[in-house]
Amino acid sequence: MTAQTRPGPKGGDIPALTKRCTASGRPLRPGETYHSVLVEIDGQWIRQDYAAENWTGPPPGTIAHWVGTVPPPPADAHASQPVTDLTMLLRLLESPPDTGRQAESEQLRRYVAALILLQQRRLRLVRTDPADNGATRWICRDPASGHRYEVVDPGYPPEVLQQAYQELSQWAADHSPPDDRTS
């Protein structure tokens with residue numbers, strides 16, 4: 001298995017940790033010790049990472065060898081979307097929608113919030129059921145608290161969902177406590 005490649009000696013870049021054992025193909029886990037080698041093939045520097053149990057020594061043609069520990073994932077690994085306060089989204093999902101035109105807006109906001117949280121794996125989809133109006137109702141569960149949420153798919157086109165996502169992101173940023181928005 002070949003690791004990542006980058007420009008060779010002329011570029012001077014050393015490829016990043018592949019997080020996969022070259023010998024076995026299995027992913028390297030956070031906190032695990034690994035051995036890395038740098039080899040040059042056809043003018044390219046190629047990094048190969050090995051789990052400690054698969055290390056048998058540097059292969060022929062090795063330019064460099066070092067030992068390291070796989071770093072933990074970043075603290076914000078699940079916060080890939082620009083929504084600043086996920087607890088606000090959970091509270092939004094928990095409150096029942098109002099009536100009339102505001103109910104449509106709230107239903108759309110709840111749906112987009114659920115999409116974001118499902119994507120970030122902060123919610124799990126338990127099942128879908130038909131809703132009264134022919135739409136689909138999602139039953140979601142928060143794996144951390146076990147709380148269940150019902151969200152109706154409003155059936156809007158992607159461009160409406162994208163705009164709602166941007167508005168929801170801004171809403172969450174505006175309603176986050178000041179301490180949560182400072183770095």
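We did not get these values from a lab; they are worked out from the coordinates using the rules stated. These figures come from a predicted structure and were not determined experimentally. Using ideal geometry, Cβ is built from the backbone for each residue, glycine included, and neighbour counts are taken over all protein chains shown.
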Open item on the list: Can you give me the long-range amide H partners of Trp45? Hydrogens built in the peptide plane at 1.01 Å from N, cutoff under 5 Å, separation of 5 or more residues or another chain.
Closed with: Arg6, Gly8
- [ ] May I ask you to evaluate 6.51 cos²θ - 1.76 cosθ + 1.60, the Karplus curve with θ = phi - 60°, for each residue of region 132-146 and list the ³J(HN,Hα) values in order in whole Hz, giving x for glycine and proline?
- [x] 4, 8, x, 6, 10, 9, 9, 9, 10, 10, 7, x, 6, 9, x
- [ ] Enumerate the amide H contacts of Ala131 below 5 Å, restricted to partners 5 or more residues apart or on another chain; note that Pro and chain-start residues carry no placed amide H.
- [x] Thr136, Arg137
- [ ] For Glu32, list long-range residues whose amide hydrogen, built 1.01 Å from N in the peptide plane, is under 5 Å from its own amide hydrogen.
- [x] Val70
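Which peptide among 141-150, 30-39 comes first, and what is the full order, when sorted by highest mean count of other Cβ atoms within 10 Å? Provide the component values of the computation, followed by the final result.
Details: 141-150: 12.4, 30-39: 17.0.
In decreasing order of mean packing, 141-150, 30-39 become 30-39, 141-150.
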